[in-house]
Structure formats: structure tokens, C-alpha cells
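> Here it is: the structure, laid out below.
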Amino acid sequence: LDLLTTSSDDRDSIEVTVRNPAMQGKTLRELKLPGDLLFLAIRRNGQLMIPRGGTHFQMLDRVSILGSKEDLAEVRQLFRS
């Protein structure tokens, strides 16, 4: 966990809740995402899932992501809009 949460560069990790209806049913593979992002986990209905390219997003999924602060700000907006 320290490897993912402690860094000396501009990387950070966030957890964002899917609130954008346009994300419903989209797969990770279908998303046009900025930069280098690593999707760590999705928490859905109390279950923890490891996302893969074919993983579909649902409303209110809690998604943990690692990436640059700039890219994280952009992806946060995508999931919340």
C-alpha cells in the first residue's frame, strides 16, 4: 500500500463515486482516458472487484484510481459530470 500511496512525484490515488449517467454500462476499455491511469479497484454493493478492460461501470460504483494529479482531476470530472 505504501508503494501506491507514497511517492515523490506528482502521482496520487483517489476514490471517486460514479455519478455520471453516461458512464452506466460503459466498459473500462471503452473510456477515452487521459495519460497513465491505473484502476485499482471497484467497490460495488459491498463487493470489491479488480477492474479489467471488460469491466462495466454502474452508478454509485466507488472506483479507486492511481495516476498523475492532473489526470486524476480529469477522470474525477468524467465520473461525476
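The values are calculated or read from the model by the stated rules, or taken from the named source; none is laboratory data. Owing to the predicted nature of the structure, the values given are computational and were not obtained by experimental measurement. Note that each Cβ is placed from the backbone with ideal geometry, even for glycine, and that neighbours are counted across all protein chains shown. SASA here: full protein model, heavy atoms, side chains in, ligands and nucleic acids out. Shrake-Rupley method; radii C 1.70, N 1.55, O 1.52, S 1.80 Å.
> Scan segment 12-27 for residues that are farther than 14 Å from E74 by Cβ and either part of a strand (DSSP E or B) or in contact with a strand residue (DSSP E or B) (Cβ under 6 Å, 6 or more places away or on another chain) (or both) and jot them down.
Scanning segment 12-27 gives S13, E15, T17, G25, T27.
> May I ask you to list the residues in segment 34-48 that are loosely packed, with under 12 Cβ neighbours inside 10 Å and part of a strand (DSSP E or B)? Before the answer, list the steps.
Applying the first criterion (loosely packed, with under 12 Cβ neighbours inside 10 Å) to segment 34-48 yields 35-36, 45-48.
Selection gives Q47, L48.
> Of S13, S8, which residue is open to solvent by 60 Å² or more (accessible area, probe 1.4 Å) and modelled with pLDDT under 95?
On the way: S13 fails: open to solvent by 60 Å² or more (accessible area, probe 1.4 Å).
Going through S13, S8 in turn, the sole match is S8.
> Quick one: what pairs do we get from segment 68-81, first residue within 12 Å of D12 (Cβ to Cβ) and open to solvent by 60 Å² or more (accessible area, probe 1.4 Å), second modelled with pLDDT under 95 and not in a helix (DSSP H, G or I), C-beta under 6 Å, 6+ apart or different chains?
Cβ pairs passing all conditions: K69/D10; K69/D12.
> Modelled with pLDDT under 95 and over 12 Å from the mean Cα position of the chain (by Cα), is that true of G35?
Numbers: modelled with pLDDT under 95: yes; over 12 Å from the mean Cα position of the chain (by Cα): yes.
Considered against the rule, which asks whether it is modelled with pLDDT under 95 and over 12 Å from the mean Cα position of the chain (by Cα), G35 comes out as yes.
> Has segment 59-78 got any residue that is at pLDDT 95 or above, more than 12 Å from the chain's Cα centre (by Cα) and in a helix (DSSP H, G or I)?
no
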